[in-house]
Amino acid sequence: EDQVTQSPEALRLQEGESSSLNCSYTVSGLRGLFWYRQDPGKGPEFLFTLYSAGEEKEKERLKATLTKKESFLHITAPKPEDSATYLCAADRDDKIIFGKGTRLHILP
Amino acid sequence: DTAVSQTPKYLVTQMGNDKSIKCEQNLGHDTMYWYKQDSKKFLKIMFSYNNKELIINETVPNRFSPKSPDKAHLNLHINSLELGDSAVYFCASSQAVDSNQPQHFGDGTRLSIL
């Protein structure tokens, strides 16, 4: 069965403390891997799409990478405004499968 | 300007009632979706429509009936509401169903069944 698993479920970091979020997937016919950010009371907001193993994308303090089995979202020197839930989603040819997300909390 | 808008934002109603949630997108996208996000924050697809035609129905009870009057609108009607229907419902859109382009989400409708 196709699935997307994210770890950890929750992560608390001090401001400036870099870390990585993991998304492992077993999806047949993967066409792309998406990362989204979701703030409380809001819908998911698109961050990155990765299409092939070895690909990397960067945006401000975030960098997403992809291998054949997993994706990482690296956050460098995070700030309190980076606190949110980060979702990854695997794009199959007929639908998108979301992971349960990682709740990230950055302490000032 | 809001790209994907859904109304209402909050919906509180009694068990057994019938209710509707409306969704509109102004992005010119061909494909629209409904997702359910449960109390554990797991986002699961319910339906997708491409140019007003149903393409995905993920074993959702037939009390849920999507309606797409045109490709910019996808409404969700729910009959005989049950306690387990309490969740946040998200509408989303993307350029096309097979374009592997990201989906754009509305801000959700929080449905609470009393």
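What follows is calculated from the coordinates using simple rules that are stated; it is not laboratory data. Bear in mind the structure is a predicted one, so any value in this text is a computation, not a measurement. Please note: Cβ atoms are built from the backbone with ideal geometry, for glycine as well, and neighbour counts cover all protein chains shown.
Structure values in brief
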item: Average other protein chain Cβ within 10 Å of Cβ, residues B:105-111; result: 3
item: Contour minus Cα-Cα distance for B:LYS44 and B:LYS67 (0.36 nm per residue); result: 6.4 nm
item: Unit charges on C-beta of K, R, D, E only; dipole of the protein assembly as shown, Debye; result: 340 debye
item: Hypothetical label at A:ALA77: residues of the range A:14-51 whose amide nitrogen lies under 17 Å (7 Å Cα-Cβ projection); result: A:14-20
item: Dipole moment magnitude, nearest 20 debye, the range A:3-94 about Cα centre, only Lys, Arg, Asp, Glu C-beta charged; result: 120 debye
item: For A:41-48, mean number of other protein chain Cβ atoms within 10 Å; result: 6
item: Fully extended contour minus Cα-Cα distance, from B:SER20 to B:LEU114, at 0.36 nm per residue; result: 32.2 nm
item: Average other protein chain Cβ within 10 Å of Cβ, residues A:91-101; result: 5
item: Selected from A:PHE34, B:LEU81, A:SER71, residue furthest toward positive end of dipole (the protein assembly as shown; charges at beta carbon); result: B:LEU81
item: Cross-link table B:LYS9/B:LYS36; B:LYS36/B:LYS67; A:LYS59/B:LYS71; A:LYS69/A:LYS100; A:LYS59/B:LYS22, entries beyond 24 Å C-alpha to C-alpha; result: A:LYS59/B:LYS71; A:LYS59/B:LYS22
